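The values are calculated or read from the model by the stated rules, or taken from the named source; none is laboratory data. All values derive from a computational prediction rather than experimental measurement. No Cβ is skipped: glycine too gets one built from the backbone with ideal geometry, and neighbour counts run over all protein chains shown. In case anyone asks, the SASA skips ligands and DNA or RNA and just uses the protein heavy atoms, side chains included. Shrake-Rupley method; radii C 1.70, N 1.55, O 1.52, S 1.80 Å.
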Amino acid sequence: MSYAMERGGIPARGLEIADRVEAFVRETVAPYEKDPRRTSHGPSEELSLALKDLARAAGVMTPHILENGAHLTHRETAAVLIRSGLSPLGPLACHVAAPDEGNMYLLGKVGSPELKQRFLEPMIEGRMRSAFFMTEPAEEGGAGSDPSLMQTTCRMDGNHWVINGRKTYITGADGAGLGIIMAKSEDGACMFLVDLPDPAVRIERVMDTLDSSMPGGHAVITIDDLRVPATQMLGQSGEGFRYAQVRLSPARLTHCMRWLGACIRANEIATDYANKRMAFGKPLVDHEGVGFMLADNLIDLKQAELMIYWCADVLDTGVLGTAESSMAKVAVSEALMRVADRCVQVMGGQGVTADTIVEQVFREVRAFRIYDGPTEVHKWSLAKKIKRDWKKAQEA
């Protein structure tokens, strides 16, 4: 190993789970990285189920959720999810991948007992995948980084809501058993839990994208007169954005956790290559141009890790942590992009092949800079906060 992961300040409970997850991912999951069931639209359902069976047998299925349904703290979750990310298949195997992890967190926080029993329990057990339906086609002026542009509508009809609209970039919709669909009523944004598949929710196509780690890929969806019982609305009409905020900050941070793990592993591979590969009379690592890139990687990895634990500690106080999670998302995604790029560069031609996961990690992290809001949107949001805080200070 070329990087020492943080252990200080993490309760023994969390460290014990994290260590078991790391051993499982390195020893059991990593050999599947060359499995032919990995496709351009993500691991096949067959591979996904096989990996989850292995995790279940190893006792590391949804390791961040305890037997009594309680969650680990955000700090403990960071220790666990960073280690799950040591293989691109690790989060999938342990059932802590997006969007399931964020959806489980949301339902655990705000779902009614009935909805938890019906939807959350099978998800925790790894028997069902989910998808979060918010983003809409840009060419139709729909919601993206600006959710207020929501075009999908919902209206009451007796004791059902009827939903119509189009969605895009819906991760994991193909093969999901649960859809969390956002639409707007006269009161504002609404959130619904929907059984899938449903003939009224039609997958137009699964897009060809840069990343390939998530089962089901990213789909374009048409929703045509979907009828949903009123009991399957999450909360009340018009409260959808409030519930989305509950999910948003932790989900941003768990993305950071998983991809930090992936970049730690990529850096291990690049470090091993640089120490073994001879060029111009000495190992690559002894050439400053290469050695300095690996040194910069250690700096970026440690800064990213500390940023994650700082934000996790903020969330553990119970606040939403909107600004803090934006700062973490920007700092971590940009740092990990640098790390992944250097790993490719250190390995030269080998770095752009699929012989190792370095090439995939580079692609995945490039997409990660856009997941849950691109860097520029988070900076814009932070700039607005800076202005608001300045005005308040002037009025004091």
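Enumerate the helices (runs of 4 or more DSSP H) found wholly within region 257-375, keeping only those where 1 or more residues are of a type in the set (G, A, S), open to solvent by 10 Å² or more (accessible area, probe 1.4 Å) and under 23 Å from P88 (Cα atoms).
322-347, 358-368
For region 326-383, what are the residues that are more than 24 Å from M134 (Cβ to Cβ) and either aromatic (F, W, Y) or at pLDDT below 95 (or both)?
Selection gives F362 alone.
Just checking, does region 202-220 include any residue being touching a residue at least 40 places away in the same chain (Cβ under 8 Å) and of a type in the set (D, E)?
Within region 202-220, one or more residues are touching a residue at least 40 places away in the same chain (Cβ under 8 Å) and of a type in the set (D, E).
What number of residues in region 46-78 are farther than 16 Å from A97 by Cα and of a type in the set (S, T, Y)?
Result for region 46-78: 1.
Among the listed residues R83, R37, R56, which satisfies the condition of being more than 13 Å from the chain's Cα centre (by Cα), at pLDDT 95 or above and crowded, with 20+ Cβ neighbours inside 10 Å?
Answer to the check: R83.
The rows are residues; the columns are (1) in contact with a helix residue (DSSP H, G or I) (Cβ under 9 Å, 6 or more places away or on another chain); (2) more than 30 Å from H64 (Cα to Cα); (3) at pLDDT below 95; (4) not in a loop (DSSP other than H, G, I, E, B).
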{"site": "S148", "(1), (2), (3), (4)": "yes, yes, yes, yes"}
{"site": "T168", "(1), (2), (3), (4)": "yes, no, no, yes"}
{"site": "M182", "(1), (2), (3), (4)": "yes, no, no, yes"}
{"site": "L193", "(1), (2), (3), (4)": "yes, no, no, yes"}
{"site": "D198", "(1), (2), (3), (4)": "no, yes, no, no"}
{"site": "T209", "(1), (2), (3), (4)": "yes, no, no, no"}
{"site": "V220", "(1), (2), (3), (4)": "no, yes, no, yes"}
{"site": "V246", "(1), (2), (3), (4)": "yes, no, yes, yes"}
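If I go through region 109-127 residue by residue, how many of them are out of contact with any Lys or Arg (no Cβ under 6 Å at 6 or more places or on another chain) and either open to solvent by less than 30 Å² (accessible area, probe 1.4 Å) or of a type in the set (D, E, K, R) (or both)?
So the answer is 13.
Starting from region 15-28, keep only residues that are of a type in the set (D, E), then list their pairs with residues that are in a helix (DSSP H, G or I) whose Cβ atoms are within a distance under 7 Å, requiring at least 6 positions of separation or different chains.
Qualifying pairs under 7 Å: E22/R83.
Could you go through region 128-141 and let me know if any residue there is assigned to a helix (DSSP H, G or I) and closer than 18 Å to G179 by Cβ.
So far as region 128-141 goes, no, none of its residues is assigned to a helix (DSSP H, G or I) and closer than 18 Å to G179 by Cβ.
Looking at region 64-80, can you tell me whether even one residue there is open to solvent by 10 Å² or more (accessible area, probe 1.4 Å), in contact (Cβ under 8 Å) with a residue 60 or more places away in the chain, within 28 Å of K302 (Cα to Cα) and assigned to a loop (DSSP other than H, G, I, E, B)?
Checked against the condition, which is being open to solvent by 10 Å² or more (accessible area, probe 1.4 Å), in contact (Cβ under 8 Å) with a residue 60 or more places away in the chain, within 28 Å of K302 (Cα to Cα) and assigned to a loop (DSSP other than H, G, I, E, B), region 64-80 yields at least one hit.
Within region 134-157, which residues are under 22 Å from R205 (Cα atoms) and not polar (S, T, N, Q)?
Hits for region 134-157 are M134, E136, P137, A138, E139, E140, G141, G142, A143, G144, M150.
Suppose the filter is open to solvent by 10 Å² or more (accessible area, probe 1.4 Å) and at pLDDT 95 or above; does M134 pass it?
Judged against the criteria, M134 is a match.
Within region 150-161, work out how many residues are outside any loop (DSSP other than H, G, I, E, B) and either in contact with a Ser or Thr (Cβ under 7 Å, 6 or more places away or on another chain) or surrounded by fewer than 17 Cβ atoms within 10 Å (Cβ to Cβ) (or both).
6
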